Structures are given as structure tokens and as C-alpha cells.
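Undergrad: Sending over a structure as C-alpha cells; questions will come in a sec.
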Amino acid sequence: MTRLSLVMLVVALLTPLVSAAADSAMMLTSRFAVKGDGEVNTYIFDDGETVIVVDTQRLESLAADVADIVGDRADRVAGVLITHPHPDHVSGINVLRRAFGAPIIGSRATADELANDTMGYLALTRELYPDDSSAEPLTIDQVVADGETLTLGGFTFEIHELGHGESVTMTLYYEASRRMLIAGDLFAVGHTPFLLDGHVLDWIRQLDWLAETFDADVMVYPGHGEPGALGDLVPAQRTYLEDFVSLVAAANTDRVLSHKERQTIVDTMNERYPDHPPVAAIPDLLELNMEAVDAELKARGNQ
């Protein structure tokens, strides 16, 4: 293993899961995340027969580490699920496709954003990491749509496709027999989230939809941060987002965010949410989030 001694590589959890056939097989869940600024999760689910990988890391070298962890189980990988098209979740697509020979699975909206890069994030990643990002196009092999069922070996996922929120789209994969929800970046609890897409109000509504649709004890596997019960993660994420929006809205009453108001918001968020590393290694992410939320509130009339 090449870089694995240099990074925090895996938090491995042995979680008892009861399938629809009521067997008591254990499922090995590995969570790969390099600690620090820009930490992002890749999951490896293994029921002993089928391996499912979720998201592909922000750099090709990190995707290679994921392939190393899968190791001799590569021939059991039935698919690589993509939750959304942000670079930290898709940059390793080509590495894992070659390593596993398994389809890269995602939504049409994700495939379109990978092809068109309307937000410019993929181009920026290639500019920042020219030697550790793919010069080849990033593509989806198998497209899934909202309401469909996806069966991969012993796993059967319900597909829920959400529109603009944290990203231009978010694909959720729900495995009902195991009561597990792969939720992508709907959750970044314990981290400073990425709000630059300008749809934080939609994100909050999506969290409400989750709470109404799934039971509180469903296990959520987020794109950033620790897995946890839906009933714990939804209020935690919602509170953070609402706090941030409220602070920006309160300072925006005169339609201008002064330097003093900006600093007050940063200080307040740091006091309320200390030790929250950013989900992306972007300097001053809080300040950039503030500008994005300010613009969104002005565009929507502070709704």
C-alpha cells in the first residue's frame, strides 16, 4: 500500500444487518477519509458476496488508495455509486473503473454536469491538481432515475433524485432491507459545508423531506462526517444551515453586508460551531458561503 501509512485511511465498522431474508450475516463497512480540511468519504460495503463502492475521492491518488483497500475483492465490486458531480466525489472515477471493471452509476443530471461542467469546478480541480486529476472525461456508465430500483448482487437500492441543493443535483440510494441511506452531501455534520452553489434554502427543504420520508433510526452514510441515525443528523444539519442563513439575513436588512457584519457572522459561527473543518480545502470558505447565501437571499427576496 503506497500512501496508506501517510494518511488516515479507514474507519472500519462491523455492523450487524438483517436482510429481507432475515439472515444474520455481518456486513463490513469501510469508510475512507483523509482527515483534515477537505475530508470526504468513500464507502466500501461488503456483504461477503457483493462489494459496493460509493464515491471516488477528490484526487486520483486517493482513488488509488481506495482501490488498494478493496484489494483482492475487486472482482466482487458490482458497481460504483456516484451521489453528485462535485469534484471531491468524482475525480477518481476513471481510476476505479479501471481497477474494478465495474460500472460507474449515477443520475442523468450528474452525467450532464460531468460532461458540461457548468459550475466550472472540474476545470478548477484540474488547474489546481494537474498531476493528480484526470485529463480524460469523467463519465457515467449506467444512468439511474428517480423512483427506479437498482439491484447489485445482494443489495437493492431505491433511487431518490433531488434537485438543486448542496449541488446541482443529489442522488440518494436507500437500501430498505438494511435500513441504510447513502445521502451524499445532504449532510456534512461537524464540518463547514459548501454553500457556493447558491441553493441553501432548497437544501433545508430537502432535509425536511428526508425527515418526513424515512424513519429516524435509518442509518445515514453522508458525504462528509460520521455516519449516524437520520433522527440525529437531520436536526444537526438543519440547525447549522438555519443559523447561518439567519445571521446573514439579519445583517442583510439594509441590503449591504458591511465588513463589521461579515466579521461578526464569522466570529459567531466559529463560536457556535468550533472545530468544524471545511469540506473543501478552500481558504475563507465561511466568507464565501456568506456571499453565496447573501446573493441567494437577495435573489429570493429574503424568503
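The values are calculated or read from the model by the stated rules, or taken from the named source; none is laboratory data. A quick note: this is a predicted structure, and the numbers were derived from the prediction, not measured. Quick reminder, even Gly has a Cβ in these numbers, built from the backbone with ideal geometry, and neighbours come from all protein chains shown.
Residues checked against (1) in contact with a strand residue (DSSP E or B) (Cβ under 7 Å, 6 or more places away or on another chain); (2) free of Cβ contacts under 8 Å to residues at least 40 places away in the same chain; (3) among the hydroxyl-bearing types (Ser, Thr, Tyr):
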residue: GLU161; (1), (2), (3): yes, no, no
residue: LEU195; (1), (2), (3): no, no, no
residue: LEU207; (1), (2), (3): no, yes, no
residue: TYR221; (1), (2), (3): yes, no, yes
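Undergrad: Any idea how many residues of the stretch 167-207 are within 27 Å of TYR121 (Cβ to Cβ) and charged (D, E, K, R)?
TA: 4
Undergrad: Can you find a residue that is within 21 Å of GLY165 (Cβ to Cβ), among the acidic types (Asp, Glu) and crowded, with 20+ Cβ neighbours inside 10 Å anywhere in the stretch 56-65?
TA: Looking through the stretch 56-65, none of the residues is within 21 Å of GLY165 (Cβ to Cβ), among the acidic types (Asp, Glu) and crowded, with 20+ Cβ neighbours inside 10 Å.
Undergrad: Looking at the stretch 5-50, which of its residues are out of contact with any strand residue (DSSP E or B) (no Cβ under 6 Å at 6 or more places or on another chain), at pLDDT 55 or above, of a type in the set (D, E, K, R) and more than 20 Å from SER91 (Cα to Cα)?
TA: GLU49
Undergrad: Restricting to the stretch 147-185, and then to whatever is assigned to a loop (DSSP other than H, G, I, E, B) and more than 18 Å from the chain's Cα centre (by Cα), can you tell me which residue is surrounded by the most Cβ atoms within 10 Å (Cβ to Cβ)?
TA: GLY154
Undergrad: Filtering the stretch 248-265 down to residues that are in contact (Cβ under 8 Å) with a residue 24 or more places away in the chain and either surrounded by fewer than 15 Cβ atoms within 10 Å (Cβ to Cβ) or over 30 Å from VAL34 (Cα atoms) (or both), which residue is nearest to the chain's Cα centre (by Cα)?
TA: Only one residue fits best here, namely VAL248.
Residues checked against (1) surrounded by 19 or more Cβ atoms within 10 Å (Cβ to Cβ); (2) of a type in the set (Val, Ile, Thr); (3) at positive phi; (4) over 15 Å from the mean Cα position of the chain (by Cα):
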site	(1), (2), (3), (4)
ASP37	no, no, no, no
ASN41	yes, no, no, no
VAL54	yes, yes, no, no
ASN94	yes, no, no, yes
SER107	yes, no, no, no
ALA115	no, no, no, yes
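Undergrad: Follow-up. Looking for something within 17 Å of the chain's Cα centre (by Cα), modelled with pLDDT of 95 or more and not aromatic (Phe, Trp, Tyr) - is there at least one such residue anywhere in the stretch 65-73?
TA: yes
Undergrad: Taking ALA236, is it without any contact (Cβ under 8 Å) to a residue 24 or more places away in the chain and in a helix (DSSP H, G or I)?
TA: Answer is no for this residue.
Undergrad: Among all residue pairs at least 6 apart or on different chains, which show Cβ distances below 8 Å where the first residue, located in the stretch 96-122, is assigned to a helix (DSSP H, G or I) and the second is among the charged types (D, E, K, R) and crowded, with 16+ Cβ neighbours inside 10 Å?
TA: ALA109/GLU161
Undergrad: Of everything in the stretch 134-146 that's part of a loop (DSSP other than H, G, I, E, B) and out of contact with any helix residue (DSSP H, G or I) (no Cβ under 6 Å at 6 or more places or on another chain), which residue is modelled with the lowest pLDDT?
TA: Top of the filtered list is ALA135.
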